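Right, one structure below, let's go through it.
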Amino acid sequence: MAEHRQLNIYLLRHGECEGGEIIRGRSDVALSDEGKAQMWRSWRAISSELEQLPSQPERLALLSSPAQRCQAFAAELKADMPDYFPAPLQQHDWLWELDFGDWDGMKVASVYQQHSEAAKAFWRDPVANTPPGGESLPAFRSRVLDGWQTMVQRWLAREANSSEGSGLQDSGSKGSVSGDSGSSASADAALILTHSGVIRLLLAEILLPVQMPPAAVFNALELPYAAWVRITLYASRDTSGESDQEWQCFSKLHWPQ
């Protein structure tokens, strides 16, 4: 007997920030007024798409990076739409941007003036070159993918063990059950507010699984402020054996907006 789940996860990058053209890895800066407006426009586009999904989820789990450029908007969104986001807002460290070390908080122009060769090497090949005092790309990738996979498995486990389809942290997302003999299916959704680097890593993992992402994912892919993307996870497991068997997932990418 097979059990099947379908999960729709929206990744939303933060909007424009205060402080101008600076490196904002771990620097905790606020959204600008335009940044807030950008995120509201993106949320309206996401909510419009949600209405067109076959499962039509009525409520979503809400997750965020602890950075205020993500968390503050998530809190505002939840306060404004409590029926849509009934569960507590979750903040996860794995959703933080890459730590740029000594460059964090510096103006981009200053980085190139003071660390010209290192900056050029990093953007040419970020896998092989780490910002001084910063987080290596392999370590960043491990952090993000470990967090993502743990989140997905826990979400699926909660769904499987709940007759109400609670989703992430009892998110209350609406589910549906198919009539196919010998299998069951449900649908759920979540909104995750995070950073460009995190989104790029997850896109790369879907397109090129189990590989270090090529440099082009970071230096040739435009991902503007408040960009969003939907990832649909199709999960299944054999329920005829052990009850704690891990789910096997296939991901489909709906290109960034």
message: As I understand it, the dipole of region 16-110 uses +1 on the Cβ of Lys and Arg and -1 on the Cβ of Asp and Glu, about the Cα centre. Which of 22, 89, 53 lies farthest toward its positive end?
response: 53
- request: Mind listing the long-range amide H neighbours of residue 189? Cut-off is under 5 Å, sequence gap 5 or more, other chains count too, H placed in the peptide plane at 1.01 Å from N.
  value: 8, 61
- line: Computed, not fitted: 222 nm per-residue ellipticity of the chain from DSSP H runs ≥ 4 (each -39500 (n - 2.57)), nearest 500, equal to -11000 deg cm²/dmol
- request: Could you size up the charge dipole of region 94-164 around its Cα centre, putting +1 on the beta carbon of Lys and Arg and -1 on that of Asp and Glu, and report it in debye to the nearest 20?
  value: 120
- prompt: When the Cα atoms of the chain are enclosed in a convex hull and the volume is divided per residue, what value in Å³ results?
  reply: 118
Order by protection proxy (mean Cβ within 10 Å, highest first), peptides 112-119, 148-155, 90-97, 12-19: 12-19, 90-97, 148-155, 112-119
message: Taking the Cα centre as origin and putting +1 on Lys and Arg beta-carbons and -1 on Asp and Glu beta-carbons, what dipole magnitude results for the chain, to the nearest 20 debye?
response: 400
message: Give the aspartates and glutamates whose C-alpha is closer than 18 Å to that of residue 107, dropping any in the same chain fewer than 8 places away, or say none.
response: 16, 18, 21, 28, 97, 99, 117
Compactness of region 4-89 as Cα Rg over 2.2 N^0.38 Å, two decimals: 1.18
query: Counting only complete DSSP H runs, which helices of the chain cover 24 Å or more along their long axis at the Cα atoms and score a mean Kyte-Doolittle of -0.5 or above?
result: 137-161
query: Cβ under 12 Å from residue 216's Cβ, residue 216 left aside: what net charge do those residues give with Lys, Arg +1 and Asp, Glu -1?
result: 0
- request: Could you work out the local net charge near residue 199, counting Lys and Arg as +1, Asp and Glu as -1, over the other residues with Cβ closer than 15 Å to its Cβ?
  value: +4
query: Given R₀ = 25 Å, FRET efficiency for residue 142-residue 219 by Cβ-Cβ distance, to 0.05?
result: 0.75
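Coordinate-derived values only; no laboratory data. Please read these numbers as outputs of a predicted model, since none were measured by experiment. Glycine also receives a Cβ, built like all others from the backbone with ideal geometry; neighbour counts cover every protein chain displayed.
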